[in-house]
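Notes follow once the structure below has been shown.
The values are calculated or read from the model by the stated rules, or taken from the named source; none is laboratory data. All values reported here derive from a predicted model rather than from experimental measurement. We place every Cβ from the backbone using ideal geometry, glycine too, and count neighbours over all the protein chains shown.
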Amino acid sequence: MNSGVASTHRLERLLGRIAANASDYAAAPLLIVAFGDSVTQGYTAHATLDHENVYHARLKRSLETTFPLTTFSVINAGAAGHTVQDALKRLERDVIRHDPDLLIVAFGLNDAAHGGLEGIRQFKADLDDLLERVEAGTNAHVLLVTPSFMLEQINERIHPDELMYAAGLLPLQRGGVIAAYATAIRQIGAARHLPVADVYAAWERAALEGVNTDDLLSNGLNHPNSEAHQITTELLLELIAATESTD
């Protein structure tokens, strides 16, 4: 299937469903699936899930404000520790059978931790396979998300039970491994003509402006805090607004 044609079809379906839902109280809700790892699942501080402030919950509330007569439903399909390879095993259950209107795909942190720079090629192949299956099995409009930063230095927010992970995660940020996975996601997005919410680039800009990005990690390691989840939400809203304006 030609990516440009598919993108146009999905755009029409997404915007059409928003309009149809607003005019028909009995219409099925506009369905969003957030497919990712522990960040998408909502993990923040040690052993804590923040269901209210995870980016897709914030996105739902913002969309409800923008489109007050449209009903939105979000499926949280985040799974802590999962890579794209893990996600492929649950793709049918968590995404394809639901045929969502909008699919948010957010991986990379665990892929980087497990694969390092040597795993980039496999990551790209797996992500491309996932998107190919989504395109074949659904009518979803897909938004890709690059990962946020991991820790830059040992800090006081790291729980004693998780301190053992810090030494292994530090080189991923400092050595440009997370940045390389973000680049890979951008490349896949460009090749498949899919919008990318570039969270990593937003964190890079914050760092250049003098922000200590470790302060944006609720667990001090790799889980964004509430403020940082809002960054992701705003990037997704910008993409949706840009999509709407092209109709």
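What the table shows:
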quantity	calculated
Any hit, segment 125-147, residues being farther than 30 Å from Leu15 by Cα and without any contact (Cβ under 8 Å) to a residue 24 or more places away in the chain	yes
Out of Glu135, Glu204, Glu227, sole residue that is farther than 29 Å from Leu88 by Cα, under 20 Å from the mean Cα position of the chain (by Cα), among the charged types (D, E, K, R) and surrounded by 14 or more Cβ atoms within 10 Å (Cβ to Cβ)	Glu204
Any chance Leu31 is over 28 Å from Glu162 (Cβ atoms), in contact with an Asp or Glu (Cβ under 7 Å, 6 or more places away or on another chain) and at pLDDT below 95	no
Matching residues in segment 206-228 - criterion: being among the β-branched types (Val, Ile, Thr) and without any contact (Cβ under 8 Å) to a residue 24 or more places away in the chain	Val211
Given (1) of a type outside the set (Val, Ile, Thr); (2) closer than 30 Å to Arg157 by Cα; (3) crowded, with 21+ Cβ neighbours inside 10 Å, number of the condition Leu30 does not satisfy	(2)
Where a residue in segment 157-169 is in contact (Cβ under 8 Å) with a residue 24 or more places away in the chain and its partner, wherever it lies, is exposed (fewer than 12 other Cβ atoms within 10 Å of the Cβ) and not in a loop (DSSP other than H, G, I, E, B), with Cβ under 7 Å and at least six apart	none
Where a residue in segment 43-67 is within 27 Å of Ala19 (Cα to Cα) and its partner, wherever it lies, is β-branched (Val, Ile, Thr) and crowded, with 17+ Cβ neighbours inside 10 Å, with Cβ under 6 Å and at least six apart	Tyr55/Thr232; Tyr55/Thr233; His56/Val74; Arg58/Thr233; Leu59/Thr233; Lys60/Val74; Phe67/Ile18
Hits in segment 155-201 - residues which are of a type in the set (Lys, Arg) and either within 25 Å of Leu144 (Cα to Cα) or exposed (fewer than 15 other Cβ atoms within 10 Å of the Cβ) (or both)	Arg174, Arg186, Arg192
Test for Asp37: is it of a type in the set (D, E, K, R) and touching an Asp or Glu at 6+ places or on another chain (Cβ under 9 Å)	yes
Hey, Ala182 assigned to a helix (DSSP H, G or I), in contact with a Gly (Cβ under 7 Å, 6 or more places away or on another chain) and either in contact (Cβ under 8 Å) with a residue 24 or more places away in the chain or aliphatic (A, V, I, L, M) (or both) or not	yes
